[in-house]
1. Quickly estimate the mean residue ellipticity at 222 nm for the chain, helices only: each DSSP H run with n ≥ 4 gives -39500 (n - 2.57), and the total goes over all residues, rounded to 500.
2. Taking 7 Å along the Cα-to-C-beta vector as the label spot, tell me the Arg142-Glu17 distance in nanometres, rounded to one decimal.
3. Would you please classify the overall shape of the range 1-48 from the alpha carbon gyration tensor, given that a ≥ b ≥ c denote the square roots of the eigenvalues, rounded means a/c under 1.5, and beyond that prolate means a/b larger than b/c while oblate covers the rest?
4. Note the full-extension length gain between Arg92 and Ala9 as 0.36 nm times their separation in residues minus their Cα-Cα distance, in nm to one decimal.
5. Measure up Lys5/Lys40; Lys5/Lys90; Lys40/Lys115 against 22 Å on the Cα-Cα distance and list the ones that go over.
6. Compute the distance in nm between two label points, each set 7 Å from the Cα along the Cα-to-Cβ direction, one at Leu53 and one at Ala120.
7. Could you pull the Rg and Dmax for the range 1-88, using just the Cα atoms, both in Å?
8. For Thr175, put the label point 7 Å out on the Cα→Cβ axis and report which residues of the range 134-151 keep their amide N under 18 Å from it.
Amino acid sequence: MTDRKNELAAHLARVQERIAAACAAAGRDPREVTLIVVTKTYPASDVRILSGLGVRDVAENRDQDAAPKAAECSDLPLNWHFVGQLQTNKVRSVVGYASVVQSVDRARLVTALSKEAVRAGREVGCLLQVAFDAGADGRGERGGVAPEGIEELADLVAAAPGLRLDGLMTVAPLTGEYAGRPAAAFGRLMDLSTDLRRAHPAANMVSAGMSADLEQAVAAGATHVRVGTAVLGVRPGLG
Ligand SMILES: *Cc1c(COP(=O)(O)O)cnc(C)c1O
């Protein structure tokens, strides 16, 4: 194995152990939790190594970086998740490679995603990104819809051709009443998921938890954790 492959294999094993331990503590089956490796800022060569190590789900947050990476890795059996704030002018590109968009947070984006999914003849899975730090405009600092906006947006996605409503996603907020309280934020997300599933029983994905707080997310009931740093290393600069 190359040095990088050894390093990624060791990190991956450690993260899988953390997930398994969190599942054991919560009395959950580890197969209920899917690890999504967030490969943003890292090269396609790392994605290829991860695929060789058995990773099936990867996530990116910027289309400019993700599109060429996905193209370079199009021979690999990977599901690409888009997890960043998404402008409507990038939707056509994102629909070209992403099987799931986890950052759906406004009606205009739903319309654009639906149009491009139909045009491409693809079905795109959608998670509604929930913002627990939403301001008066109902939007979060880093995107996301306020809890009060979930129902309306969910109905829109469910009725949109080419889209499939898969569930909810959140990022533990840095501001507002849930700042520094990821367990409380993830617990609230689970309650919102329970509400959502009354009207949309198949929308059972709950994407929460990152390198620093995956244990809290698993304890709360997350079905998907999104881990970058703990697998790939600390990102240079912002990302
Ligand atoms: C970067 C990112 C992650 C991963 O964060 P780490 O702390 O590196 O594990 C998860 N979710 C989203 C939306 C991200 O942008």
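The values are calculated or read from the model by the stated rules, or taken from the named source; none is laboratory data. None of the values given here were measured: they were computed from a predicted structure. A quick note on method: Cβ atoms are made from the backbone with ideal geometry, for glycine too, and the neighbour counts reach across all protein chains shown. Areas reflect the complete protein model, heavy atoms only, side chains present, ligands, DNA and RNA absent. Shrake-Rupley method; radii C 1.70, N 1.55, O 1.52, S 1.80 Å.
1. The helix-only estimate for the chain comes to -13000 deg cm²/dmol at 222 nm.
2. It works out to 2.7 nm between the two label points.
3. prolate
4. Length gained between Arg92 and Ala9: 26.5 nm.
5. Flagged as over cut-off: Lys5/Lys90; Lys40/Lys115.
6. That separation, rounded to one decimal, is 2.7 nm.
7. 14.2, 42
8. Taking a point 7 Å out along Cα→Cβ of Thr175, the residues of the range 134-151 whose backbone N falls under 18 Å are 134-147.
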